[in-house]
Each structure stands twice: as structure tokens, then as C-alpha cells.
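Before any comments, here is the structure.
The values are calculated or read from the model by the stated rules, or taken from the named source; none is laboratory data. A quick note: this is a predicted structure, and the numbers were derived from the prediction, not measured. Cβ placement follows ideal geometry from the backbone for every residue including glycine, while neighbour counts extend to all protein chains displayed. In case anyone asks, the SASA skips ligands and DNA or RNA and just uses the protein heavy atoms, side chains included. Shrake-Rupley method; radii C 1.70, N 1.55, O 1.52, S 1.80 Å.
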Amino acid sequence: MAKNKSQSKSGFLKKLFSFFSKGQNKKELDPSKRKKEPKSFAMEWAAASESWKKKLPTKQISSGVVIESKKFRLTKTNEKLFRIEGEDYSIILVTDNHLYKNKDGKWAGVLFVDEGLLNQNLAKEIRNLDDFLDLQAIPRADLFLESDSPKEDWRIVLGWERFWQEQLILQISPNSLALVMLAIGEECKEFFIKVATERQKRLVRDELFYLNLGNHNDTNPHSKSKNLFGFGNALKEFGYKINLIRERREKELEHGA
């Protein structure tokens, strides 16, 4: 009798174990539960670029109407200057320092300045734009991205020796690089592909993958605090590093000469 009870108990446990095992196997086979893995760099880049277009409409046009609805309209004057209008308001929006050359070839735009510092420097000689920027301590990193901008434009790196190009990529975190390439576009991506090591490409591919997941990922120390809307800080970091490497390169060239 005891033996029959033991066999019955053993059979019940086997059935119970089998039931849970089947349930577990179904979960493992369920594609929605399967852990996602990065695809190729090209595929992750294509997906991230598509998200960039959908989530950042202000970056898709150089000027004109960005979005218009029954309630409001947002228009873009240039890279950093916008106007938002509604039934009872019309407001100029400035997203950052912005310089560009007007029809007369003169520098024009908008700069955020400290009013106290402005007054302090009024008695000093201001011969040109560079003098003014230096006196106001305005970082060139804020200005480097415009096509007609001062010499700090990012494209100066295309003429650097391979060593300095590699140094630039080493200086920037993979998550910032991913955002910078999306913000600047194909030209910057091609530069990265040409100069980066295979390991750096994998790291940036992973960052694009995390951005494409659309949520924070605790296994990645960088992407936890990054998303597509954080491109502004990434661009500033990029501009700062360009200027840093540029100064080192110029000193090295002067020393070598």
C-alpha cells in the first residue's frame, strides 16, 4: 500500500514538473520573450535613421513650416531659430547660439551672453568676431556645425592625418558618437566607418541598437541616460573634442617644424 502511494506521488511530481517544463519551453520559443540582439551596423543605422526622421521633425527641414495644426504652428528660420504661434501668442524660440553669413557676407545670428560680462568688456577693443567671442567666453563648440561657420566646423577633421582622426574617435564615448552621426548624417557616418576600428564599430552599433529599443537598458552604462533627444549635448561634446584635438595637432605641427 505504501509502495503504491510512493509511486502515485512520484507520478504526480513528474507530471507537475513536465507541465512547468512545457510552459517554460513555450516561453523560450515565444519570439516576444526572446532576448533581442544587435543586428549588423548597417541595419541598426537604418532603423535609427528612420526613428530620427520620425521623432525629430525640426531636423528634417532647413527653414519653413515644421508642423501646423488647428491649435499652433511651428516655423523654422534657421538651424537654431524658431517661431511658435497660437491663437493668443507668437514667440521666438532660440535653441542655442547660432551664427551664419548673411547676403552681404557678414556674420549674423543669435548669441547668449552674460550681461555683466558684456558691460565689463565694452571698453576693450573689439576688432572682429573672434575678439568678441573670446571676450564673452563663448565656446566655439557651440558654433562648429554650420556650413559657413568659423574654422571649427567639424569637416576640418577630414583633412587631418589618420592618427589625429583616430584620436578624435577615441576621445568620444560610443553613445555620443551614435547621436552625432545621426545628427550630422551620412558624411559623418562614412568618416567614422573609414577611421574606426572593428571594436569601435561594434560599440557604436550596440549604441544604435539600444537607441532602437526605445527604452533604457541597465546592461549599458551609457545608453541608460541617452536617447535621440539628447543629440544637442553629444554635438557639443563632439565640437569640444574637435577643438581639443585641433589644438594638440597644431602644437605638434609647430614643434615638428
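Observations
- Within the stretch 117-134, the set of residues being surrounded by fewer than 10 Cβ atoms within 10 Å (Cβ to Cβ) and part of a helix (DSSP H, G or I) comprises ASN119 only.
- Pairs, first touching a residue at least 12 places away in the same chain (Cβ under 8 Å) and more than 30 Å from GLU198 (Cα to Cα) in the stretch 42-65, second acidic (Asp, Glu) and surrounded by 14 or more Cβ atoms within 10 Å (Cβ to Cβ), C-beta under 8 Å, six or more apart: SER62/GLU79
- Candidate set: the stretch 148-198, residues that are of a type in the set (Val, Ile, Thr) and not in a helix (DSSP H, G or I); chosen: the one least open to solvent (accessible area, probe 1.4 Å): ILE172
- Among the candidates ALA108, ALA137, residue that is without any contact (Cβ under 8 Å) to a residue 60 or more places away in the chain and open to solvent by less than 70 Å² (accessible area, probe 1.4 Å): ALA108
- Qualifying residue in the stretch 88-97 (condition: without any contact (Cβ under 8 Å) to a residue 60 or more places away in the chain, loosely packed, with under 10 Cβ neighbours inside 10 Å and among the aromatic types (Phe, Trp, Tyr)): yes
- Residue tally, condition open to solvent by 50 Å² or more (accessible area, probe 1.4 Å) and touching a strand residue (DSSP E or B) at 6+ places or on another chain (Cβ under 8 Å), over the stretch 61-78: 10
- Selection within the stretch 207-216: residues that are surrounded by fewer than 22 Cβ atoms within 10 Å (Cβ to Cβ) and part of a helix (DSSP H, G or I). The member of this set that is farthest from the chain's Cα centre (by Cα) is LEU213.
- Scanning the stretch 228-257 for residues that are closer than 17 Å to TRP160 by Cβ, of a type in the set (Gly, Ala, Ser) and crowded, with 19+ Cβ neighbours inside 10 Å yields a total of 1.
- Residue within the stretch 165-173 that is closer than 15 Å to ALA42 by Cα and free of Cβ contacts under 8 Å to residues at least 40 places away in the same chain present: no
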